[in-house]
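Colleague: Handing you this structure, nothing more for now.
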Amino acid sequence: MTDLFNHINVWGESIHNACKLGRFTIENLSKYVDKDLCRACGIASYFLKEKIEKHYNLKVDLVLGKCFQSWHCWLEINDYIVDVTHTQFYPESDKVSIFPTSEKDWNWKIVCKNNKAIKHFKSKWSFQNPLLYKVHWIENYAILLKKEYKWKQFLEKDLTTKQTMITISS
């Protein structure tokens, strides 16, 4: 499990940073996603799930839950919660939070999982539909792009975008 958690932290932090960069590089995303990544939990969780499943061949659940009037998305792996946008609730927390599902302070009630969660994103918050985006990986570094955006276009983009990418990842 230690190896898995180490990878989750590295990949999760990279996806966290990619979503922050995506606020500036993806047209109109900053209108919806706050700097603390509020309203990016579905996108971030989906791509971390994809990376973990591919690398570890594990069952990872994409979970959509509700607490009072708020909605949130996270991952569940065995008996652990992995929250890659926990900073929207606790700004001082790590970019990736991992804790047991039995955590008594975790007050979110599960509404749906996996494909039903994605269907919910598509119908309620289309900008957070993870199927509209793709992540391009360079080793352990993630770059979030709109699905129709070509990698070559990104590489040819102006220097400002690349400088922002370097600043956020540092």
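Colleague: Return yes or no: is Val82 on the phi < 0 side of the Ramachandran plot, in contact with a Cys (Cβ under 8 Å, 6 or more places away or on another chain) and not charged (D, E, K, R)? If you could, list the steps in order and put the result at the bottom.
Modeller: Details: on the phi < 0 side of the Ramachandran plot: yes; in contact with a Cys (Cβ under 8 Å, 6 or more places away or on another chain): no; not charged (D, E, K, R): yes.
Criteria not met by Val82.
Colleague: Moving to a separate point now. Could you grab me the full set of residues in region 23-71 that are of a type in the set (Gly, Ala, Ser) and surrounded by fewer than 24 Cβ atoms within 10 Å (Cβ to Cβ)? Write out each step before concluding.
Modeller: Residues of region 23-71 that are of a type in the set (Gly, Ala, Ser), as a first pass: 30, 40, 42, 44-45, 65, 70.
Scanning region 23-71 gives Ser30, Gly65, Ser70.
Colleague: Follow-up question, since we're still on this one. Restricting attention to region 102-116, report how many residues are open to solvent by 60 Å² or more (accessible area, probe 1.4 Å) and closer than 24 Å to Lys59 by Cβ. Explain how you work it out, then say what you get.
Modeller: Going residue by residue through region 102-116, those that are open to solvent by 60 Å² or more (accessible area, probe 1.4 Å) are 102-105, 107, 109-111, 113, 115-116.
Checking which are closer than 24 Å to Lys59 by Cβ leaves us with 102-103, 109-111, 113, 115-116.
Final tally of qualifying residues: 8.
Colleague: Can we say Trp74 is in a strand (DSSP E or B) and at negative phi?
Modeller: Numbers: in a strand (DSSP E or B): yes; at negative phi: yes.
Yes, satisfied.
Colleague: If you don't mind, another one. Using the structure shown, decide if Lys119 is over 18 Å from Lys20 (Cα atoms) and loosely packed, with under 14 Cβ neighbours inside 10 Å. Working first, answer last.
Modeller: Working: over 18 Å from Lys20 (Cα atoms): yes; loosely packed, with under 14 Cβ neighbours inside 10 Å: yes.
The answer is yes for Lys119.
The values are calculated or read from the model by the stated rules, or taken from the named source; none is laboratory data. Small disclaimer: the values here were computed from a predicted structure and weren't measured. For neighbour counting, all protein chains shown are included, and Cβ atoms are generated from backbone atoms with ideal geometry for every residue, glycine included. The accessibility values were calculated without ligands, DNA or RNA, using every heavy atom of the protein model including side chains. Shrake-Rupley method; radii C 1.70, N 1.55, O 1.52, S 1.80 Å.
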